[in-house]
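Have a look at the structure below, then the notes.
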Amino acid sequence: GSYLYKETWNTGVILLLTLMATAFVGYVLPWGQMSFWGATVITNLFSAIPYIGQTLVEWAWGGFSVDNPTLTRFFALHFILPFAIAGLTFIHLTFLHETGSNNPLGLTSNCDKIPFHPYFSMKDILGLMFLFFPLMVLATFSPNLLGDPENFTPANPLVTPPHIKPEWYFLFAYAILRSIPNKLGGVLALA
């Protein structure tokens, strides 16, 4: 499988985790009820790490609770992480071009191979345009359409929303954490 090429696999996994981190810190930035409580719950997962967990949580928060220093730190991370993603993408594609991607057909002859450029490059560009145009229309004309209504309420640490649930791109992690009753066990299963 693809995981046999260790450098390509590892950079891909790191790229995925960096994308998830960017999505998470960006989700916190509106500073609504769901954003606030999402930041509280996710950053509290670090407290499951023995000995240094609580120190890590307070360091991430910039104090003893999620507050303005947390928002400032997450804003800085949300700005810096896309540059890291661009660099990791370049490194990942470099490794991918060296090793090639997984070959489910098992073809070893060079005469049966299809070059990446122009065939797949054009398909990727066309697919990107098909995704980019609706995204721009949605972001321009109805930016709040897909937002959680609870997140339009300003953050209030004294009122917990009745249904805290993650966004769709974190549902797999939520399912893992919910399936194990022990906090440390859930964090270990997630890792």
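The values are calculated or read from the model by the stated rules, or taken from the named source; none is laboratory data. Quick caveat, the model's predicted, so the values are computed rather than measured. So basically every Cβ, Gly included, is an ideal-geometry build from the backbone, and we count neighbours across all protein chains shown.
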Original post:
Which of the residues spanning the stretch 148-176 are surrounded by 10 or more Cβ atoms within 10 Å (Cβ to Cβ), free of Cβ contacts under 8 Å to residues at least 40 places away in the same chain and within 18 Å of the chain's Cα centre (by Cα)?
Top reply: Lys165, Leu171, Phe172, Ala173, Tyr174, Ala175, Ile176
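Got a sec? Which of Phe83, Phe64, Phe46 is over 14 Å from the mean Cα position of the chain (by Cα) and more than 29 Å from Val159 (Cβ to Cβ)? Break it down stepwise before answering.
Values: Phe64 fails: more than 29 Å from Val159 (Cβ to Cβ); Phe46 fails: more than 29 Å from Val159 (Cβ to Cβ).
Going through Phe83, Phe64, Phe46 in turn, the sole match is Phe83.
One line per residue, one yes/no per condition, for (1) within 24 Å of His78 (Cβ to Cβ); (2) buried (at least 16 other Cβ atoms within 10 Å of the Cβ):
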{"site": "Lys6", "(1), (2)": "no, no"}
{"site": "Leu16", "(1), (2)": "yes, no"}
{"site": "Leu19", "(1), (2)": "yes, yes"}
{"site": "Val25", "(1), (2)": "yes, yes"}
{"site": "Phe36", "(1), (2)": "yes, yes"}
{"site": "Val41", "(1), (2)": "yes, no"}
{"site": "Asn44", "(1), (2)": "yes, yes"}
{"site": "Tyr51", "(1), (2)": "no, no"}
**OP:** List every residue pair whose Cβ atoms sit under 7 Å apart, with the two residues 6 or more apart in sequence or on different chains, where the first one lies in the stretch 118-147 and is more than 17 Å from His97 (Cβ to Cβ) and the second, anywhere, is not in a helix (DSSP H, G or I).
**Re:** Leu138/Leu145
Original post:
Checking Ile164 against (1) of a type outside the set (Asp, Glu); (2) under 24 Å from Ser65 (Cα atoms); (3) modelled with pLDDT of 90 or more, which test does it fail?
Top reply: (3)
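Name the helices (runs of 4 or more DSSP H) wholly within the stretch 1-73 that hold at least 2 residues that are polar (S, T, N, Q), without any contact (Cβ under 8 Å) to a residue 60 or more places away in the chain and under 26 Å from Leu88 (Cβ atoms)? Step through it out loud before you land on a result.
On the way: elements: 6-28, 33-44, 53-61.
So the answer is none; nothing clears 2.
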